[in-house]
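These notes are about the structure you will find just below.
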Amino acid sequence: MSYQVTARKWRPIVFDDVVGQSHVTNTLRNAIASHRVAHAYIFSGTRGCGKTTTARILARALNCLSPVQQNPDNTCEVCREIMEGRGLDVIEIDGASNRGVEEIRNLRDSVRYTPTRGKYKIYIIDEVHMLTKEAFNALLKTLEEPPAHVVFIFATTEVHKVPMTILSRCQRFDFRRIAVEEIIQSLGAIAKAEAITVEPDALMVIAKRADGSLRDAQSIFDQVRSFCGTDIKTAELLKAFNVVDQEIYFRVSDVLKSHNTQHAILLVDEVIRCGYDLREFVGGLTEHLRNLLIVRSTESTQLVEGSENYKKRYEQEAAQFNEQDLLRYIKQTNDLDQALRWASQARYRLEAGLIQMAKMEGAVQVGELLQQIELL
């Protein structure tokens, strides 16, 4: 059997397997159970969050010969045909390459034909926002009053580009970015099933780089597996993807506390020699300072994305800063990020920025000033 990437091998096949979108899957299952299936749905959300997968599961669930609690059984003949791409009653269309009015007119002509095997004829149009204005107009009448046996499912990453006249004729479901913890849990289950040993911090790095996309996380996981084999270490992962080690940010914290400009320059030199992207480094530093601010303000690590080991370190570090200083540091890193975008000598700008942060005097609280005045 030919090799399958993780994203395809572990693609969800029932609603229960879809990660992080229970608000969508529960609603769809209830609609099927109560026989209140809409004639058109639009799924919107970032890349890799489960839109097309959910559309395919819904298509099978509607046509399955023996559904199990509103899930497709994936073993009947109709389900197998759909999963293998042979089902005549489920038509998938790429909106990016079939975006013209002629393609939509052909689709409009085909909806009159009844399903061959299942109960519904289902049209899944991916990246629907890529259709032309004329194509959308050609679809309007059919979408408003389709035959009873037709269901449209649209998927898009840019729902704001879909005309309001189309949106008003569909039930809209907004897919959420998948949380870091949910991505870690999913990758951990895959690693366990495939007998792969992986450090928790390594999963954290993958999940954060995926930026809310489970498909991206699975693609990164495949690449890491090719590099590390069946024993994935955090250090090797950082080396493979040239990711800034979290330890460097804690060392920046030490520089800020000690106001040591020499160490600030040496840190920049280390970042340069390691080949890290400077804007990525500054972005990570901003996140690090934000974590310190959140822990300092809330006295909790609940909103910090990281392992328990790092959360404990943030608790210890946050106690050594005050909120005003952290707010000023974050403003400076934001300004530094903007400056690096246009800087012709990025290294010099970064060095100057870190020196400026290191030399910044701590904010004095009003209460302390009043006490000093009283002592005069």
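Read the figures in this text as sums done on the coordinates, not as results from a lab. If you're wondering where the values come from, they're calculated on a predicted model, not measured in any experiment. Virtual Cβ from ideal backbone geometry, glycine too; neighbours counted across all protein chains shown.
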Quiz prompt | Relative contact order, percent, segment 156-306 [alpha-carbon distance under 8 Å, six or more residues apart] | solution = 17
Self-check item: DSSP beta bridge pairing in the chain, given as percent antiparallel to the nearest 5
Solution: 5
Exercise. May I ask for the net charge around residue 64, where only other residues with Cβ less than 13 Å from the Cβ of residue 64 are counted and Lys, Arg are +1 while Asp, Glu are -1?
Key: +2
Quiz item: Among 229, 45, 32, whose Cα sits farthest toward the positive end of the charge dipole of the chain (+1 at Cβ of Lys/Arg, -1 at Cβ of Asp/Glu, about the Cα centre)?
Solution: 32
Quiz item: Length gain on complete extension for the stretch residue 315 to residue 160, per 0.36 nm per residue less the alpha carbon to alpha carbon distance?
Solution: 51.7 nm
Quiz item: For segment 246-359, what is the relative contact order in percent, using Cα pairs closer than 8 Å and at least 6 residues apart in sequence?
Solution: 38
Practice problem: Taking GluC sites (Glu not before Pro) as candidate sites, keep only those in a DSSP loop with at most 10 other Cβ atoms within 10 Å, then name the longest stretch of the chain containing none of them. | Solution: 85-298
Exercise. Go through 233/359; 9/312; 51/141 and tell me which ones have a Cα-Cα distance over 29 Å in this structure.
Key: 233/359; 9/312
Quiz item: Considering the chain as a Gaussian network with a 10 Å cut-off on Cα pairs, which listed residue, 338, 218, 70, attains the greatest mean-square fluctuation?
Solution: 338
Practice problem: Work out the P(r) tail for segment 180-241: percent of alpha carbon pairs separated by more than 14 Å, whole number. | Solution: 46
Quiz item: Tell me which aspartates and glutamates have Cα within less than 12 Å of residue 161's Cα, excluding those fewer than 8 residues away on the same chain?
Solution: 127
Quiz item: When the chain is modelled as a GNM with alpha-carbon springs shorter than 10 Å, which of 310, 41, 348 fluctuates the most?
Solution: 348
Self-check item: Residues with amide H under 5 Å from that of residue 42, placed H, sequence gap 5 or more
Solution: 154, 171, 172, 173
Practice problem: Starting from the Cα of residue 239, draw a straight line to each of the lysines and keep only those under 20 Å, dropping any in the same chain fewer than 8 residues away. | Solution: 208
Quiz item: Between residue 132 and residue 185, how many nm apart are label points set 7 Å from Cα along the C-beta direction?
Solution: 4.6
Quiz item: Taking only DSSP H segments of four or more residues, each worth -39500 (n - 2.57), what value at 222 nm results for the chain once the sum is divided by all its residues, to the nearest 500 deg cm²/dmol?
Solution: -17500 deg cm²/dmol
Quiz item: Which FRET efficiency, nearest 0.05, do residue 308 and residue 97 yield, Cβ-Cβ r, R0 56 Å?
Solution: 0.75
Practice problem: Specify which labelled value, from (1) 23.6; (2) 24.3; (3) 26.5, agrees with Kirkwood radius over Cα pairs in Å derived from the coordinates of the model shown. | Solution: (2)
Exercise. Determine, from the Cβ-Cβ distance of residue 83 and residue 361 and an R0 of 56 Å, the FRET efficiency 1/(1 + (r/R0)^6), rounded to the nearest 0.05.
Key: 0.30
Quiz item: Using 7 Å Cα-to-Cβ label points, what is the residue 110/residue 230 separation (nm, one decimal)?
Solution: 4.5
Quiz item: Just going by the charge dipole of the chain, with Lys and Arg at +1 and Asp and Glu at -1 on Cβ, which of 319, 22, 281 is farthest out on the positive end?
Solution: 22
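Could you size up the charge dipole of the chain around its Cα centre, putting +1 on the beta carbon of Lys and Arg and -1 on that of Asp and Glu, and report it in debye to the nearest 20? Walk me through the intermediate numbers first.
Working: 47 positive and 50 negative charges, 266 e Å.
Computed charge dipole of the chain: roughly 1280 debye.
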Quiz prompt | FRET efficiency, 1/(1 + (r/R0)^6) with R0 51 Å, evaluated for residue 339 and residue 5 via beta carbons | solution = 0.80
Self-check item: Extension gain, residue 174 back to residue 68 (0.36 nm per residue minus Cα-Cα distance, nm)
Solution: 35.6 nm
Practice problem: Quick one: compute the contact order of the chain, relative version, from alpha carbon pairs under 8 angstrom and 6+ residues apart, as a percent. | Solution: 15
